[in-house]
Amino acid sequence: MHFFKILSKRHIAFLWVSQVLSAMGDYFYSIAVIWIAVKTVGSGAGIVAAAEAASTLVFGLLGGVFADRWDRRKVMVTVDIIRAGTVALLPILEYFGVLQLWHLTVVAVVIGGLEALFDPALQASLPALAGDTQTLQAMNGLMDVTSRLARTLGPSLAGVLVAFMPLPQFFTLDAVSFVISALAILSLGRRFIWKPAESSTPNKGVLAVPHEIAGAIGLLKAHRPLAWAIIANAINNILWSIAFVIGVPILVDRVLVGNVGAYGLIIGAYGVGNVLSNFVIGSLPLRNRVSMVFSGLIVLGAGFLLLALATTLPMALLGAAFAAIGGPMGDIIIATMIQTEFPANQIGKIYSLRMVTASVGGSLGLVLAVPLFAHFSVMYTIGACACAMIAMGIIGVMRYGLSAPQSAPDATELPEVTP
């Protein structure tokens, strides 16, 4: 499969392994932060998670702007080094017995803001590292699977590690993972194009930021299929947060009459479906990307509809695994479209727009879930979310997928290295 073949390229393999380790480190960091915060202030621990999410949103669009202005390799290495040093402060503070909630909150704000700078820089760098569109699609699949692997493998690995080390040392593991990421990116050298060509914006100072963001929004609006796909993705995140993040544990408790073990199995089934879909979608030569994106919504909705009708654990597992196939169908292809259908000096900003709208959608879904499940049954609420996903997918396919230009299945060359 092409998905595995590209790992034979040493620079891609180094980068991917480093990002898998970094994602695992982030998972350990999240576990340690929440657990220590809960032990410190109880339900007030949500302040830490909210602070990181808010920081990512606030700095999200700025991250895209500066990822398109600066040398992206230097940006990623610098961000990783700062993140490593910031997170490494936490086990030191814990060692001296002075770690407090405000320390965790400040670190969360820094980590959230730096993530908003790192992710667009990474996404905008992939076309030059891949070299052609088919390799780029597979590479997007690899990068997309990193966080999914962390969610799938993280709980078991964390359970093993906590038996051998104090929980604050999970912060140390995260800091080490950032150092590994920085070294891997640094090892890629200068032979790839890390800095995009200069944009037409005469003023590159802070005052030009709104102008650059407005320009990226204008470019996105002109690309109507992708603009609708990103809007649909944001709406879908609202529905996904309601149906999966909040709906699944309620389904397990009220309908399946299960325990946390049953809930874990459903989460695991979803993770397995995600990873398998990544393998397949990352390797397929696609002629119509737009149809694939909106078809992913239909698959996701169909799986959630099956989940809403589930009265037994096996049926719920099947629904979760099937729904998970739809996620990478949209995520990988949207990323590839952004990277190949916009100028190189706009990729970071377009990706940031997608990242911010998706984050807003996910947060809004968590807020809406509370009144919805309070007034409607779990089956009705998850089912309604599923039907909305399917409807968005069908509308997208009918409106844009059928008329979208057919892209060539062969590998189209992308600028890879400097002379």
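The values are calculated or read from the model by the stated rules, or taken from the named source; none is laboratory data. What you see is a predicted model, and the numbers here were worked out from it, not measured in a lab. All Cβ positions, glycine included, derive from the backbone under ideal geometry; neighbour counts span all protein chains shown. The area values use the complete protein model at the heavy-atom level, side chains included, leaving out ligands, DNA and RNA. Shrake-Rupley method; radii C 1.70, N 1.55, O 1.52, S 1.80 Å.
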Evaluate segment 320-329: report whether one residue or more is closer than 30 Å to W70 by Cβ, of a type in the set (A, V, I, L, M) and open to solvent by 10 Å² or more (accessible area, probe 1.4 Å). no
Return the pair list, or none, for Cβ contacts closer than 9 Å from residues in segment 209-237 that are of a type in the set (F, W, Y) to residues that are surrounded by fewer than 18 Cβ atoms within 10 Å (Cβ to Cβ) and part of a helix (DSSP H, G or I), at least 6 apart or on different chains. W228/I395; W228/R399
Tell me whether segment 328-344 contains one or more residues that are modelled with pLDDT under 90 and more than 22 Å from A388 (Cα to Cα). yes
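Given S187, S181, S147, which one is at pLDDT 90 or above and within 21 Å of the chain's Cα centre (by Cα)?
Every option except S181 fails the conditions.
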What is the number of the single condition among (1) within 29 Å of T336 (Cα to Cα); (2) of a type in the set (S, T, Y); (3) out of contact with any His (no Cβ under 7 Å at 6 or more places or on another chain) that S283 does not meet? (3)
When you look at P196, is it at pLDDT below 85 and out of contact with any Phe, Trp or Tyr (no Cβ under 9 Å at 6 or more places or on another chain), yes or no? yes
Please determine whether any residue of segment 381-393 is under 20 Å from M329 (Cβ atoms), under 25 Å from the mean Cα position of the chain (by Cα) and open to solvent by 60 Å² or more (accessible area, probe 1.4 Å). yes
Of the criteria (1) polar (S, T, N, Q); (2) open to solvent by 50 Å² or more (accessible area, probe 1.4 Å); (3) at pLDDT below 90; (4) within 23 Å of L117 (Cα to Cα), which one T40 fails: (4)
Across segment 290-299, the tally of residues that are open to solvent by 30 Å² or more (accessible area, probe 1.4 Å) and touching a Pro at 6+ places or on another chain (Cβ under 8 Å) stands at 0
Say whether the condition of being touching a helix residue (DSSP H, G or I) at 6+ places or on another chain (Cβ under 9 Å), closer than 30 Å to P120 by Cβ and open to solvent by less than 20 Å² (accessible area, probe 1.4 Å) is met by at least one residue in segment 308-319. no
Specify the residue that is farthest from A88 (Cα to Cα); the eligible residues are those in segment 156-168 that are open to solvent by less than 70 Å² (accessible area, probe 1.4 Å) and in a helix (DSSP H, G or I). G159
If only one of L62, L7, L15, L93 is open to solvent by 20 Å² or more (accessible area, probe 1.4 Å), modelled with pLDDT of 90 or more and in a helix (DSSP H, G or I), which one is it? L93
Might you let me know whether segment 359-369 holds any residue that is under 16 Å from R289 (Cα atoms), open to solvent by less than 50 Å² (accessible area, probe 1.4 Å), touching a helix residue (DSSP H, G or I) at 6+ places or on another chain (Cβ under 6 Å) and modelled with pLDDT under 90? no
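Does segment 214-227 hold any residues that are open to solvent by 30 Å² or more (accessible area, probe 1.4 Å) and hydrophobic (A, V, I, L, M, F, W, C), and which are they?
At the first step, the residues of segment 214-227 found to be open to solvent by 30 Å² or more (accessible area, probe 1.4 Å) are 214-215, 217-219, 221-225.
Within segment 214-227, A214, I217, L219, A222 qualify.
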Could you go through segment 127-144 and let me know if any residue there is under 30 Å from W35 (Cα atoms), touching a residue at least 40 places away in the same chain (Cβ under 8 Å) and open to solvent by 10 Å² or more (accessible area, probe 1.4 Å). yes
Quick check on segment 96-119: of everything there that is outside any loop (DSSP other than H, G, I, E, B) and touching a Leu at 6+ places or on another chain (Cβ under 9 Å), which residue is farthest from V356 (Cα to Cα)? H103
Considering each residue of segment 251-271, count those that are in a helix (DSSP H, G or I), open to solvent by 30 Å² or more (accessible area, probe 1.4 Å) and over 17 Å from G327 (Cβ atoms), and give that number. 7
Which one of the conditions (1) open to solvent by less than 20 Å² (accessible area, probe 1.4 Å); (2) assigned to a helix (DSSP H, G or I) does A302 fail to meet, given that it meets all the rest? (1)
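For residues that are in a helix (DSSP H, G or I) and buried (at least 21 other Cβ atoms within 10 Å of the Cβ), tally how many sit in segment 272-289.
Qualifying residue count for the region: 6.
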